[in-house]
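Remarks on the structure that follows.
The values are calculated or read from the model by the stated rules, or taken from the named source; none is laboratory data. Just so you know, these numbers come straight off a predicted model, no measurement behind them. Here the Cβ is made from the backbone with ideal geometry for all residues, glycine too, and neighbour counts use every protein chain on show. Areas reflect the complete protein model, heavy atoms only, side chains present, ligands, DNA and RNA absent. Shrake-Rupley method; radii C 1.70, N 1.55, O 1.52, S 1.80 Å.
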Amino acid sequence: MDIKTIIDEITNIGISKTIVETKQLSGGTTSKLYLLFDSENNKYVVKFNEPHVLKAESHYLAFYKDVDFLPDLLYTEPAYRYIIYSFVAGAVDYPRKNKKEMLQTLVEQLINQYKFVEEPAGWGWADELNDSWENFLLSRANESSTILKPYLEKEDHDFVLDLVKSPNRNREFTQPFLLHGDCGVHNFIFTEEKLTGVIDPTPVYGEPLYDLIYAFCSSPDDLTNETIQSAASLLKAYENKNDRFLHEEVLIGLYFRMASCVRHHPEDLEEYLNAWNYWKNIVNAAMNK
């Protein structure tokens, strides 16, 4: 489906009367994006992707339509061939500074707005559900272990699997929230180096702390206990949980991120390996008390 046909449809459904300029944007791995400008200086993004991907994304944006940090979903094509949403202005390059402030803003403006899902069909990726949060994390851990095998010891992989399968932590997860799922700095919008928006969800049904730790681990800078604690202390869904729980969740999230790093940003791996040793020592120290 070409963009000219889309523009005709936009006019017919009343989103805009006159599109005066079209610009193709660099998309993600599978998405194709266009930025449209109309005669009244409004900007719209048209996204093409696989229907199951766009169905999940449009559901997330509609579910959180009152959250100002997210784009406004303007139209979902009935067969999910494309969606249209408002353009979020700002810079897409993470400034690698003020990470503590960035995470606090993320919690207050997005993650604390998350809601339970009524009668959920499962856990994990919205378009590929698991029967439990544990099984979703186990699938991620097993995939990551294959990628990280050359870089970590077998005891490291076993350690993560033991954490994921811990009965104590899995009793915490009884009803999922709808999460962004790809809540990293690569999907953040900044204005004057401050976080002002989040785009491109890959929705997950799960625990809100997952999105916060995902964001924390999505860049290799400032991966300290003080930084994550400052944001987790503001997280409503983190109430009544202890530091050991948080630290173990960070180690699991860091493990997943390191696998992504090997595939997409291998130049960052040394920093992540240093962070791995730092967090493994924190978790081991708590276990040995």
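Computed over segment 139-289, the Cα gyration tensor eigenvalues convert (square root of 5λ each) into semi-axes of 22, 20, 16 Å, ordered from largest to smallest. Between PRO51, PRO201, PRO71, the GNM of the chain built on Cα springs shorter than 10 angstrom shows PRO51 fluctuating the most. Taken over segment 77-182, the ratio of Cα radius of gyration to 2.2 N^0.38 Å equals 1.39. CYS261 sits among other residues whose Cβ lies under 11 Å from its own Cβ, and their net charge, with Lys and Arg +1 and Asp and Glu -1, is -2. A Gaussian network model of the chain, with springs between Cα atoms under 10 Å, assigns the largest mean-square fluctuation among ILE147, ILE199, ILE83 to ILE147.
If you roll a 1.4 angstrom probe over the protein chains with everything in place, what fraction of the accessible area of the chain belongs to carbon and sulfur, to the nearest %? Please list the in-between numbers first.
Details: 6540 of 14320 Å².
Summing carbon and sulfur atoms, their accessible area is 46 percent of the total for the chain.
Computed over segment 1-46, the range of Cα coordinates on each principal axis works out to 31, 21, 12 Å, biggest value leading.
Solvent-accessible area per residue in segment 1-72 equals 59 Å², computed with a 1.4 angstrom probe and all protein chains kept. With the simple model of a label 7 Å out from the Cα in the direction of the Cβ, GLU40 to GLN229 spans 5.1 nm. Note on the chain: GNM, Cα springs under 10 Å; of SER145, SER218, SER233, the largest mean-square fluctuation is that of SER233. Relative to its residue count, segment 12-98 spans a Cα convex hull of 130 Å³ per residue. Projecting label points 7 angstrom from Cα along Cα→Cβ for MET287 and GLU21 puts them 5.6 nm apart.
Only helical DSSP H runs with n ≥ 4 go in: add -39500 (n - 2.57) per run for the chain, normalise by residue count and round the 222 nm mean residue ellipticity to 500 deg cm²/dmol. Please report the intermediate quantities before stating the final value.
On the way: 10 runs with 125 residues, N = 289.
Computed ellipticity for the chain at 222 nm equals -13500 deg cm²/dmol.
Computing log10 I(q)/I(0) by the Debye sum over Cα atoms at q = 0.13 Å⁻¹ directly from the structure and comparing it against [x] -1.01; [y] -0.92; [z] -1.11 singles out [y]. Centre-to-centre, using Cα atoms only, segment 1-41 and segment 114-165 are separated by 37 Å.
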